[in-house]
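Reading through the structure tokens given below for one structure.
The values are calculated or read from the model by the stated rules, or taken from the named source; none is laboratory data. Keep in mind the model is a prediction, meaning the values are calculated, not measured. Quick reminder, even Gly has a Cβ in these numbers, built from the backbone with ideal geometry, and neighbours come from all protein chains shown. Each accessible area value is taken on the protein alone, full model and side chains, heavy atoms only, with ligands, DNA and RNA left out. Shrake-Rupley method; radii C 1.70, N 1.55, O 1.52, S 1.80 Å.
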Amino acid sequence: MEARNEEKEEEQAVTWGRDTVPRVMEIVGARLPQRELYALLLTSPWCYRALLSNPQLWQVLDLRETKSAGSRLLAALSLERYKDLKVLNLEFAQDIDDSHLFLLKTKGHKSLKGLETLNLNACQKISDRGVEAITSICPNLLALSLYWNVGLTDNTIKHIVKNCPKIIDLNLSGCKNITDQSLLLIADSFPALKELNITRCIRLTDNGLLQLLVKCSCLQSLNVYALSSFTDKVYCKIGLLSDLRFLDLCGAQNLTDEGLSCIARCRNMTSLNLTWCVRVTDAGVVAIAQGCNHLEFLSLFGIVGVTDACLEALSKYCSSTLTTLDVNGCIGIKRSREDLLALFPLLTCFKVHS
């Protein structure tokens, strides 16, 4: 009897492993971080087969913050399961440099031909030549992020526009050597661009951004954080972006109420950061309230020229959508937290800056 029970339990275990595990893996596999998927590959042959049989799980390669990322990248792309890669994340990956990207180009990795998203944020050892190598084998790239790659120059943008004609999302935040020449190339090459981040690209001027705003009229997200050199010439043109939803103007010291009134034409705006826009007054914020009545996020942090009057306008036009409002440092605003909740019943966040 005992032997029979053991046989039955063993048979049930085999059945569970063969039939149930693959179903469970199919349900939960797509929700697990990739590093946990790697661990599951080793737990049982059923897990291994179930996971490998789902190609969508292997369309993402996440090497974020990993050590020896260059050698790991080369090893991973030699595996059959990554043949249809869509997303490659190397953000803050360690020990990756141009030599690894040159090898990828030399070997002509077919697995990257369908790549759509490439994150090279903070890969400081990658130069213009490295960007040329990797983009030359990613012709279908849609999104490229190069945040805090301070050694990159306008040559990088030349390689991108040549090799990746489908780009719609470009993050150049912290690339301090990028100049107007790059913005002109982007404007001419990517008219369908939807997202652009040029935070702290300190060599840019009105001339370059004006051309881009005119030619890239489909922009939905524009981040010009910590760029104080632009003037109302640029800010008025932003008002032409009818699809714009996200705009970060933190530190725009030359933005006046006139420029802000033009931006108010962006009627689909949901997120607007006006932190330290020190020349703005109630008039500009009232214009925003009247024009952008779908606002969900608004920061007026540090603006001493606004008063409770602008809150009344915001309450009238945006109370049904606004969930985040930062008026810290606005010495002209006297409303308490309780008053703000009365004016904006959906508020859940009162401070976005520490």
If r is the Cβ-Cβ distance from R267 to K83 and R0 is 51 Å, what FRET efficiency results, to the nearest 0.05? 0.70
If the viscosity is 1.567 mPa s and the temperature 4 °C, what Stokes-Einstein diffusion coefficient in µm²/s follows for segment 197-354 when Rh is the Kirkwood radius over Cα pairs? 84
Convex hull (Cα only) mean projected area of the chain, reported in nm² to one decimal: 22.5
L103 to Q253: FRET efficiency via 1/(1 + (r/R0)^6), r the Cβ-Cβ distance, R0 35 Å, to the nearest 0.05? 0.15
Mean separation of Cα pairs under 8 Å and 6+ residues apart, divided by the residue count of segment 135-254: what relative contact order is that in percent? 21
With a 1.4 Å probe and all protein chains left in place, how much accessible area per residue does segment 158-253 have, in Å²? 40
Ranked from highest to lowest mean number of other Cβ atoms within 10 Å per residue, what is the order of the peptides 267-275, 317-325? 267-275, 317-325
Could you work out the relative contact order of segment 273-354, using alpha carbon pairs under 8 angstrom and six or more residues apart, expressed as a whole percent? 31
Set K67/K110; K83/K107; K110/K176; K105/K176; K113/K215 screened for pairs whose C-alpha atoms are more than 23 Å apart: K67/K110; K110/K176; K105/K176; K113/K215
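I need the per residue convex hull volume for segment 207-297, using only the alpha carbons, in cubic angstrom as a whole number.
Output value, Cα hull per residue: 72 Å³.
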Among DSSP bridges having both ends in the chain, what percentage is antiparallel? Round to the nearest 5. 0
Rounded to the nearest Å, what's the spacing between the alpha carbon centres of segment 229-256 and segment 265-294? Just the number, please. 10
Could you calculate the FRET efficiency of E65 with S228 from 1/(1 + (r/R0)^6), where r is the beta carbon distance between them and R0 is 41 Å, rounded to 0.05? 0.80
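Counting Lys and Arg as +1 and Asp and Glu as -1, what is the net charge of the other residues whose Cβ lies under 11 Å from the Cβ of N140?
Numbers: positive: K86, K113, K166; negative: E116.
Residues close to N140 contribute a combined charge of +2.
Give the peptides 152-162, 62-72 in descending order of average Cβ contacts within 10 Å, highest first.
Values: 152-162: 19.7, 62-72: 16.7.
Averaged packing, sorted descending, gives the order 152-162, 62-72.
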Of every hundred units of 1.4 Å-probe accessible area on segment 216-354, the number belonging to carbon and sulfur atoms, as a percent, is 51
Computing the accessible area with a 1.4 Å probe over protein heavy atoms, can you report the carbon and sulfur percentage for segment 161-210? 50
Return, ordered by residue number, the residues of segment 296-313 whose backbone nitrogen is under 16 Å from a label point located 7 Å along Cα→Cβ of V278. 301-306
Relative contact order for the chain: what is it in percent, counting Cα pairs under 8 Å that are at least 6 residues apart? 7
If each of S320 and Q181 carries a label point 7 Å out from its Cα toward its Cβ, how far apart are those two points in nm? 5.2
